[in-house]
1. Mind listing whichever residues of the stretch 54-72 are closer than 17 Å to GLY40 by Cα and either of a type outside the set (A, V, I, L, M) or free of Cβ contacts under 8 Å to residues at least 12 places away in the same chain (or both)?
2. Hey, can you tell me all the residues within the stretch 13-44 that are more than 24 Å from GLY67 (Cα to Cα) and modelled with pLDDT of 85 or more?
3. If you go through the stretch 92-114, how many residues are modelled with pLDDT of 75 or more, surrounded by fewer than 17 Cβ atoms within 10 Å (Cβ to Cβ) and not in a helix (DSSP H, G or I)?
4. Restricting attention to the stretch 45-79, and to residues there that are closer than 26 Å to GLU115 by Cα and assigned to a loop (DSSP other than H, G, I, E, B), which single residue is modelled with the highest pLDDT?
Amino acid sequence: MSRAPLLQPRQIHLFIAYDNFSFFKPLVPLLNVECIRILGKADTVTQAIEWCNPFDIDVLVMDMAFGARLVQEFQAKRPLLKIIGMTKEFEKPAIQTMRNLKMRGSIFEKPLDIERTIDCIQAVARGELYFRFIPIK
């Protein structure tokens, strides 16, 4: 009796919109793990809107400095797109803004923990919320 092949979990397609991509550059090999594939990046709001086809991505990681315009553009094109906000460091107003914009998670640049970043991306891709209010020191 032959068995049906096991289904491989689909990779999470990620797009990064961040004003200082040089910060992310050393992280790209670490984020391009078996379960995550970075499909693109943009360092301005205009680039993100022009270059990112929201029908191809599962999760958008965006710089909170880009503000509501980017979130609204993507939510208009694909309301179920899962968005993670990234901010330089833990700031309560930024967290409140993320929640008001219906973002699904948060990542803090300082200190950046690659394992928590991957956990956040995976959790948000599964439809979970991932807000960590106490950054790791």
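The values are calculated or read from the model by the stated rules, or taken from the named source; none is laboratory data. Note that the structure is predicted; figures quoted are calculated from it, not measured. Backbone-built Cβ (ideal geometry, glycine too); neighbour counts: all protein chains shown.
1. Of the stretch 54-72, the ones closer than 17 Å to GLY40 by Cα are 54-63, 66, 70-71.
PRO54, PHE55, ASP56, ASP58, ASP63, PHE66, listed by residue number.
2. Selection gives CYS35, ILE36, ARG37.
3. The qualifying residues number 2.
4. If we take residues in the stretch 45-79 being closer than 26 Å to GLU115 by Cα and assigned to a loop (DSSP other than H, G, I, E, B), then ASP58 is modelled with the highest pLDDT.
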